[in-house]
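Reviewing the structure listed below.
The values are calculated or read from the model by the stated rules, or taken from the named source; none is laboratory data. Just so it is clear, the model here is predicted, and its values are computed rather than measured. Cβ placement follows ideal geometry from the backbone for every residue including glycine, while neighbour counts extend to all protein chains displayed.
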There are 2 protein chains.
Amino acid sequence: MPPVVIAGSGRLSRMTPEEFRTAGHRLIDWIADYRLSMEQRPVRPSIDPGQVKAAMASEPGEPSVDVEPLLAFMDSVVVPGSTMVQHPMHYGWFPSNAGLASVLGDIASSGLGSLGISWESGPALTEVEEVVTDWLRKLVGLSDRWSSTIHDTASTSCLVALILARERASGNSYADRGLAGLDEAPVVYCTDHSHSSVRKAALLAGYGSDNVRIVAHDRRDFSMDVADLRAAIEADAADGRRPAAVVATIGTTGTTAVDPLAEIVAVAAEDGLWVHVDAAMAGSVMILPDHRHLWAGVEDADSITWNPHKWLGTILDTSIFHIRNTEFLIQVMSTNPSYLQSGADGTVTQYRDWGIPLGRRFRALKILFHLSIDGVGALQARLRRDLDNARWLAEQIEAAPDWQVVAPVVLQTVCVVHHPRGADSAGADDDLDVLNRHTLAWVEAINRSGEAYLTPTMLDGRWVARVSIGVETTEREHVARLWGLMKNAVSAS
Amino acid sequence: MPPVVIAGSGRLSRMTPEEFRTAGHRLIDWIADYRLSMEQRPVRPSIDPGQVKAAMASEPGEPSVDVEPLLAFMDSVVVPGSTMVQHPMHYGWFPSNAGLASVLGDIASSGLGSLGISWESGPALTEVEEVVTDWLRKLVGLSDRWSSTIHDTASTSCLVALILARERASGNSYADRGLAGLDEAPVVYCTDHSHSSVRKAALLAGYGSDNVRIVAHDRRDFSMDVADLRAAIEADAADGRRPAAVVATIGTTGTTAVDPLAEIVAVAAEDGLWVHVDAAMAGSVMILPDHRHLWAGVEDADSITWNPHKWLGTILDTSIFHIRNTEFLIQVMSTNPSYLQSGADGTVTQYRDWGIPLGRRFRALKILFHLSIDGVGALQARLRRDLDNARWLAEQIEAAPDWQVVAPVVLQTVCVVHHPRGADSAGADDDLDVLNRHTLAWVEAINRSGEAYLTPTMLDGRWVARVSIGVETTEREHVARLWGLMKNAVSAS
């Protein structure tokens, strides 16, 4: 297996700032044009597995400082191979808005080329992150008991939280014998509607599948059943296990269900469980003070994560992690090798001790630019628009024969089924298979058309269509158009 | 504690593509000018803890679509608050090159605003990552037994590797009882010269501090003592523990020491230990075929990480993870909730099952643009330049009275002490304190001057100055200037 050695025989120098200037202007125009042309593109181009790979050579070609061949590749391969999550007719998963103001901040960060491995390596990188994450803390209405940082995703935040919970429950086993030395296995509690990253984080943190307890949920609103949580905790304790953490979700992935946080923190407090609040989706809505009742009780949780890179629109990867006990966080996550020590230690924040990676980008600039250019008022107005649109769509659906909204519309997501044999067939178990096939078929028909995109989800054994509203550019007219597509699709299916 | 509610009363709309175009052009010029002016700036501006924070308001100001106030903030606060790791006189830590060709790719990624949570959400994002990481695999001379992905940092790669090792050693305890159900505690082996992230990863993965075994190292070249590794493994097995993983470092942080990988994989094979190769720094040099002897034996390791975002120059965060047994990786790391299932499953790569976060950016574009614009030949030439510069500096130091190179110069890092009382005092133990204070003083004098920056490190109990060469723009003249500064600094100290 002789390795391929590619010895570039052409250009032998790196890109200079002047060459970057020329290419950069061209790229900015390409991005602006791309965003302007978005609505004329299919939301989800027709693309087969392997098609992009097949369009690429098995090794890099001859280098060229001309950016045009790369932009041609973007146009001919990358864009036609991309699902347009910035498209106003995109209703899949959750919004993943990459607001252009935040994109500017991202570009500034790239241009600076900063390195965050210590305060010393990036004083501004560190302190701007402290300030802008504190802005966000205030914007979502949290008290100053909370400190904040940026992680890449809520999955990582959850892993950090469950490691902290594990260490609190095990009396800091990391500092000596580790988990294998424990008599009582620590246990994590969540529901079937918690995000898949909760179970994943628990397994990565070493809890083991037997110690991830799935608590019952309400069959109508899909929220955690606190009586069952309490019973499960008691049963585990009686069984010689160590209840360690509850993950409460504010805005589940399936239906944006809201676990009853105030009750959960009360139950958790009785046995000293860590409460991690996964508000990845719903955190953004807390910039609207009249929605903060959704996470009432949050001040008594131990950690919170929410993703401005979803609905709020600060480009990925911008996941916020709020924590109360930073001393414990740093104790568990810290490293302090000699080469990173400096005279500033002890007086500054060392974000390397707040998460998994040592090195970090200057991600705070994305938030700074986003809030400074778009501003909070515009963000609040946009979120209210999306809430209104979701309510409007739900009303249309409820008023239409044979259609059914199958979960409370708490935020901007509408879960819906259409009954091909009429709405009164809804209860018949023998029709479930027919219903599932019908749902998947009409959703697939819309997606295949490229006119709109939505993702089905399994809700307590039944496939449902899920309309997730909240792309920056999605206005009422787009939602109305989607509703028309839905009605057409079910009659064609 | 009433939360501050900021209700922006000014602008109420988000940035449009045309506004982005205008601001983006201005920002590109700012970046080009910033990079051009780099050499006229102090490498490390004088900055006190809290100074950046003090320059920022406690909440966002009135929004404005004009980017000038933000650029003014960059000029007046961010830049003077930043350590210039792209500066040609920066010799601290390891190089953290943000090559402008890769910055362009990063900008393209931001502009696209793609979302990688499944192949379906980003076919091009997924497949371009497969292709360009495979280019990198070939460039560093690895066989096609290896599959590849991008993680944020080598710290994360190490955590993934140690979780995999834990699961292999524990017979997949994640799938049932978890670590607390184990009779034999799994053990990790590394040396005092391994990166701090190895120990951190082991603690986060639940091994416990008692089960992180520090193997002896050679006192002259700081490489792992394989006889001691073998003895430690035998002792742990006899003691009822389960040897699980060895982390072999190719290019340690302190001195770029190289652990004897061929011998390590042979010892590890006897007891089925996972071998993770931390080549975060040295991986880049493997694009020079005549340096691949440094990791001879690598084909028999289980996982490898290296950071193009260091010496190679693809902007942070671009850490490559190569793995042989992808089936096992996916088994341990996978999640497959209903809302992420699609018809393409089974025929495509789902990178969410290769690491910790669910969502990923289109980081592959950074590599694509970097290799396509700068090209491999230029990268190879630059690395050879840096190797030459390090050898040249070491020769100057060795030829100078009272100066000493204290570790083999394997790559581009030169570890050095100056003996204030003459080189023949080197062995006197009672002089260690004087020597340490002298070293820290003259390094600090250089750093304070803003003329150059280097980071001291503790090497087996002694502080040494560490000159890490390899910034993109560092030419021989810069290294010669540093040598002049060093000679001046010791006479002033």
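Under 23 Å from the mean Cα position of the chain (by Cα), of a type in the set (Ser, Thr, Tyr) and within 7 Å of another protein chain (Cβ to nearest Cβ): does that describe A:Ser121? Lay out the reasoning, then the answer.
Numbers: under 23 Å from the mean Cα position of the chain (by Cα): no; of a type in the set (Ser, Thr, Tyr): yes; within 7 Å of another protein chain (Cβ to nearest Cβ): yes.
No.
Answer yes or no as to whether B:Ser194 is within 29 Å of B:Leu316 (Cβ to Cβ), part of a helix (DSSP H, G or I), more than 9 Å from chain A (Cβ to nearest Cβ) and of a type in the set (Gly, Ala, Ser).
Values: within 29 Å of B:Leu316 (Cβ to Cβ): yes; part of a helix (DSSP H, G or I): no; more than 9 Å from chain A (Cβ to nearest Cβ): yes; of a type in the set (Gly, Ala, Ser): yes.
No, not satisfied.
For the range B:9-29: of the residues being in contact (Cβ under 8 Å) with a residue 40 or more places away in the chain and at the interface with chain A (Cβ under 7 Å from one of its Cβ atoms), which is nearest to A:Trp119 (Cα to Cα)?
Within the range B:9-29, the match that is nearest to A:Trp119 (Cα to Cα) is B:Leu27.
Which of the helices (runs of 4 or more DSSP H) found entirely inside the range B:353-465 contain at least 3 residues meeting this: surrounded by 19 or more Cβ atoms within 10 Å (Cβ to Cβ) and in contact with a Lys or Arg (Cβ under 7 Å, 6 or more places away or on another chain)?
Details: elements: B:364-373, B:375-399, B:432-449.
Per the criteria, B:375-399.
Can we say A:Leu112 is out of contact with any Gly (no Cβ under 7 Å at 6 or more places or on another chain) and within 7 Å of another protein chain (Cβ to nearest Cβ)?
Numbers: out of contact with any Gly (no Cβ under 7 Å at 6 or more places or on another chain): yes; within 7 Å of another protein chain (Cβ to nearest Cβ): yes.
So A:Leu112 passes the test.
Within the range B:100-108, is there a residue that is of a type outside the set (A, V, I, L, M, F, W, C), at the interface with chain A (Cβ under 7 Å from one of its Cβ atoms), closer than 26 Å to A:His309 by Cα and within 19 Å of the chain's Cα centre (by Cα)?
Let us first name the residues in the range B:100-108 that are of a type outside the set (A, V, I, L, M, F, W, C), namely B:102, B:105-106.
From what is left, the residues that are at the interface with chain A (Cβ under 7 Å from one of its Cβ atoms) are B:106.
If we keep only those that are closer than 26 Å to A:His309 by Cα as well, we get B:106.
Cutting the leftovers down to within 19 Å of the chain's Cα centre (by Cα) gives us B:106.
Scanning the range B:100-108, I find at least one residue that is of a type outside the set (A, V, I, L, M, F, W, C), at the interface with chain A (Cβ under 7 Å from one of its Cβ atoms), closer than 26 Å to A:His309 by Cα and within 19 Å of the chain's Cα centre (by Cα), so the answer is yes.
If we keep just the residues of the range A:41-72 that are free of Cβ contacts under 8 Å to residues at least 12 places away in the same chain and at the interface with another protein chain (Cβ under 8 Å from one of its Cβ atoms), which is nearest to B:Gly343 (Cα to Cα)?
This residue is A:Pro49.
Please state which of the following conditions A:Leu312 fails to meet, knowing it meets all the rest: (1) part of a loop (DSSP other than H, G, I, E, B); (2) out of contact with any strand residue (DSSP E or B) (no Cβ under 9 Å at 6 or more places or on another chain).
(2)
Does the range B:49-61 contain at least one residue that is surrounded by 14 or more Cβ atoms within 10 Å (Cβ to Cβ) and among the hydroxyl-bearing types (Ser, Thr, Tyr)?
No, there is no match, as no residue in the range B:49-61 is surrounded by 14 or more Cβ atoms within 10 Å (Cβ to Cβ) and among the hydroxyl-bearing types (Ser, Thr, Tyr).
Taking the conditions exactly as written (free of Cβ contacts under 8 Å to residues at least 12 places away in the same chain, within 8 Å of chain B (Cβ to nearest Cβ), assigned to a loop (DSSP other than H, G, I, E, B) and among the charged types (D, E, K, R)), does A:Arg145 satisfy them or not?
On the way: free of Cβ contacts under 8 Å to residues at least 12 places away in the same chain: no; within 8 Å of chain B (Cβ to nearest Cβ): yes; assigned to a loop (DSSP other than H, G, I, E, B): yes; among the charged types (D, E, K, R): yes.
No; evaluated as a whole, the condition is false for this residue.
All but one of (1) more than 7 Å from chain A (Cβ to nearest Cβ); (2) without any contact (Cβ under 8 Å) to a residue 12 or more places away in the chain hold for B:Met38, so report the exception by its number.
For B:Met38, the exception is condition (2).
Here is a check on your reading of the model: is B:Leu139 at pLDDT 95 or above, under 19 Å from the mean Cα position of the chain (by Cα) and at the interface with chain A (Cβ under 7 Å from one of its Cβ atoms)?
Details: at pLDDT 95 or above: yes; under 19 Å from the mean Cα position of the chain (by Cα): yes; at the interface with chain A (Cβ under 7 Å from one of its Cβ atoms): yes.
In short, yes.
Quick check, is B:Val490 over 25 Å from the mean Cα position of the chain (by Cα), buried (at least 17 other Cβ atoms within 10 Å of the Cβ) and in contact (Cβ under 8 Å) with a residue 60 or more places away in the chain? So that I can check it myself, show each step before the final result.
Details: over 25 Å from the mean Cα position of the chain (by Cα): yes; buried (at least 17 other Cβ atoms within 10 Å of the Cβ): yes; in contact (Cβ under 8 Å) with a residue 60 or more places away in the chain: yes.
Here the answer is yes, as B:Val490 does meet what is asked.
Does the range B:158-165 contain at least one residue that is facing chain A (nearest Cβ under 7 Å), of a type in the set (Gly, Ala, Ser) and over 17 Å from the mean Cα position of the chain (by Cα)?
Filtering the range B:158-165 for residues facing chain A (nearest Cβ under 7 Å) gives B:159, B:163.
From what is left, the residues that are of a type in the set (Gly, Ala, Ser) are none.
No: zero hits.
So, in the range A:126-136, how many residues would count as being at the interface with chain B (Cβ under 7 Å from one of its Cβ atoms) and touching a strand residue (DSSP E or B) at 6+ places or on another chain (Cβ under 7 Å)? Let's see the steps before the verdict.
The first filter runs over the range A:126-136 and keeps only residues at the interface with chain B (Cβ under 7 Å from one of its Cβ atoms), leaving A:127-128, A:130-131, A:135.
Now restrict to residues that are touching a strand residue (DSSP E or B) at 6+ places or on another chain (Cβ under 7 Å): none.
The total comes to 0.
Being in a helix (DSSP H, G or I), more than 18 Å from the chain's Cα centre (by Cα) and in contact (Cβ under 8 Å) with a residue 12 or more places away in the chain is the requirement here; does B:Ile214 meet it? First the steps, then the outcome.
Values: in a helix (DSSP H, G or I): no; more than 18 Å from the chain's Cα centre (by Cα): yes; in contact (Cβ under 8 Å) with a residue 12 or more places away in the chain: yes.
Criteria not met by B:Ile214.
Looking at the range B:171-182 only, could you name the residues that are at the interface with chain A (Cβ under 8 Å from one of its Cβ atoms) and in a loop (DSSP other than H, G, I, E, B)? Before the answer, list the steps.
In the first step, residues of the range B:171-182 are kept if they are at the interface with chain A (Cβ under 8 Å from one of its Cβ atoms); the result is B:173-182.
Of everything in the range B:171-182, those that are at the interface with chain A (Cβ under 8 Å from one of its Cβ atoms) and in a loop (DSSP other than H, G, I, E, B) turn out to be B:Asp176, B:Arg177, B:Gly178, B:Leu182.
Restricting to the range A:199-231, name every residue that is touching a strand residue (DSSP E or B) at 6+ places or on another chain (Cβ under 7 Å) and at the interface with chain B (Cβ under 10 Å from one of its Cβ atoms). Please lay out each step first, then the result.
From the range A:199-231, those touching a strand residue (DSSP E or B) at 6+ places or on another chain (Cβ under 7 Å) are A:199, A:202, A:207, A:211-215, A:217, A:223-225, A:228-229; that's our starting set.
The answer is A:Arg199, A:Ala202, A:Tyr207, A:Asn211, A:Val212.
Would you mind finding the one in B:Ser76, B:Ser114 that is among the small types (Gly, Ala, Ser), at pLDDT 95 or above and assigned by TED's automatic domain parsing to the domain that holds B:Arg361?
Numbers: B:Ser76 fails: assigned by TED's automatic domain parsing to the domain that holds B:Arg361.
Sole residue among the options that is among the small types (Gly, Ala, Ser), at pLDDT 95 or above and assigned by TED's automatic domain parsing to the domain that holds B:Arg361: B:Ser114.
Among the residues of the range B:298-309, is any closer than 25 Å to A:Gly359 by Cβ, modelled with pLDDT of 95 or more and within 9 Å of chain A (Cβ to nearest Cβ)? Explain how you work it out, then say what you get.
Going residue by residue through the range B:298-309, those that are closer than 25 Å to A:Gly359 by Cβ are B:298, B:301-309.
From the residues that got through so far, the ones that are modelled with pLDDT of 95 or more too are B:298, B:301-309.
Narrowing the set further to residues that are within 9 Å of chain A (Cβ to nearest Cβ) leaves B:307, B:309.
Yes, the range B:298-309 contains a residue that is closer than 25 Å to A:Gly359 by Cβ, modelled with pLDDT of 95 or more and within 9 Å of chain A (Cβ to nearest Cβ).
Among (1) buried (at least 24 other Cβ atoms within 10 Å of the Cβ); (2) within 9 Å of chain A (Cβ to nearest Cβ), where does B:Leu340 come up short?
With respect to (1) buried (at least 24 other Cβ atoms within 10 Å of the Cβ); (2) within 9 Å of chain A (Cβ to nearest Cβ), B:Leu340 is out only on (1).
Could you say whether any residue in the range A:277-291 is in a helix (DSSP H, G or I), modelled with pLDDT of 95 or more, acidic (Asp, Glu) and under 30 Å from B:Ser13 (Cβ atoms)?
Looking only at the range A:277-291, we keep the residues that are in a helix (DSSP H, G or I), and these are A:282-287, A:289-291.
In the following step, the residues that additionally are modelled with pLDDT of 95 or more were identified as A:282-287, A:289-291.
Among the residues that remain, those that are also acidic (Asp, Glu) are: A:290.
Right, trim to under 30 Å from B:Ser13 (Cβ atoms) and you get A:290.
Yes: the range A:277-291 contains one or more residues that are in a helix (DSSP H, G or I), modelled with pLDDT of 95 or more, acidic (Asp, Glu) and under 30 Å from B:Ser13 (Cβ atoms).
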